[in-house]
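K.L.:
Please find one structure pasted underneath; my questions will follow.
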Amino acid sequence: GAVVSQHPSWVICKSGTSVKIECRSLDFQATTMFWYRQFPKQSLMLMATSNEGSKATYEQGVEKDKFLINHASLTLSTLTVTSAHPEDSSFYICSAKALTGEQETQYFGPGTRLLVL
Amino acid sequence: EDKVVQSPLSLVVHEGDTVTLNCSYEVTNFRSLLWYKQEKKAPTFLFMLTSSGIEKKSGRLSSILDKKELFSILNITATQTGDSAVYLCAVGTGTASKLTFGTGTRLQVTL
């Protein structure tokens, strides 16, 4: 149980275009999903917390107009990188909160590698 | 600002060795400490710890939390080459269980 999928797994795009990444919880409902970014040889940095049916909460320094998050259902959250630039190239990972026994745990999707040319 | 520090940053051991990875933290509103293993893709969940002194074990891996001294250790016994990965420690805080990650320990197990 607690499987999270992401699509696409990798994407190459031209500078200035927008890229949408989908995160789905496959076998459970997730009221809360998280979006992280990871640069090479660095740890995961939380970008935003996505709550179903409400606005996302962004971490300090993350531009909400550049990284649009939509959590339209209990199994789907999307991250759209608008007007992507080469410095947005990174590994984007989502996670979803799930109950493991009586405790909440975050399960991660497989990640999306974005390369902006 | 919440902080999670892992040590060592990297480690090279021979197959069969035992390793101990460290994670210390300074956070407000602690809820849980989690260990993940990251190979080439996204992290895979290993353990979640919420109570001090209770060891969690899964095969050759075990972990324990000390909430008084604000640290946790992850032990791997009889290491194998398949254990080579980055091990991430994360601390969950607040009602949203937001995770703050450490920089990770890169473990390489050689033959």
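The values are calculated or read from the model by the stated rules, or taken from the named source; none is laboratory data. These figures come from a predicted structure and were not determined experimentally. Every residue, glycine among them, receives a Cβ derived from its backbone with ideal geometry; neighbour counts consider all protein chains shown. Just the protein is used for accessible areas: all its heavy atoms, side chains included, with ligands, DNA and RNA removed. Shrake-Rupley method; radii C 1.70, N 1.55, O 1.52, S 1.80 Å.
K.L.:
Which ³J(HN,Hα) values in Hz, rounded to whole numbers, follow from the phi angles of segment B:13-26 under the Karplus curve 6.51 cos²θ - 1.76 cosθ + 1.60, where θ = phi - 60° and Gly and Pro get x?
P.N.:
10, 8, 3, x, 5, 10, 10, 10, 10, 10, 9, 10, 8, 9
K.L.:
When you look at the Cβ of every residue in B:29-41, what mean number of other chain Cβ atoms sits within 10 Å?
P.N.:
Across B:29-41, the average partner-chain Cβ count within 10 Å equals 2.
K.L.:
Could you look at segment B:5-103 and say what percent of its accessible area is carbon and sulfur, using a 1.4 Å probe and all protein chains?
P.N.:
Answer for segment B:5-103 is 52 percent, counting heavy atoms of protein chains only.
K.L.:
OK, next. For peptide A:37-44, how many partner chain Cβ atoms fall within 10 Å of a residue's Cβ, on average?
P.N.:
Shielding by partners across A:37-44 averages 5.
K.L.:
Related question: May I ask you to evaluate 6.51 cos²θ - 1.76 cosθ + 1.60, the Karplus curve with θ = phi - 60°, for each residue of segment B:61-78 and list the ³J(HN,Hα) values in order in whole Hz, giving x for glycine and proline?
P.N.:
3J(HN,Hα) across segment B:61-78, in whole Hz: 9, 8, 8, 9, 10, 10, 6, 6, 8, 6, 8, 9, 10, 10, 9, 10, 9, 6.
K.L.:
May I pose another question? Compare each residue of segment B:50-99 in its chain alone against the assembly with all protein chains, and report those whose accessible area goes down by 50 Å² or more; 1.4 Å probe, heavy atoms.
P.N.:
SASA drop of 50 Å² or more in segment B:50-99: B:LYS98, B:LEU99.
K.L.:
Oh, and also: Which semi-axes, in whole Å and largest first, does the equivalent ellipsoid of the protein assembly as shown have when worked out from the alpha carbon gyration tensor as the square roots of 5 times its eigenvalues?
P.N.:
Equivalent-ellipsoid dimensions as semi-axes: 30, 21, 16 Å.
K.L.:
Let me see the P(r) profile for chain B: every Cα-Cα distance counted, bins of 10 Å, each bin given as a percent of all pairs.
P.N.:
15, 49, 29, 6, 0
K.L.:
Counting DSSP beta bridges in chain A, what percent are antiparallel, to the nearest 5?
P.N.:
Close to 90 percent.
K.L.:
Kirkwood hydrodynamic radius for segment A:25-99: how many Å is it when counted over pairs of different Cα atoms?
P.N.:
Radius from the Kirkwood sum: 12.8 Å.
K.L.:
Below 9 angstrom from the Cβ of B:THR79, what's the summed charge of the other residues (Lys, Arg +1; Asp, Glu -1)?
P.N.:
-2
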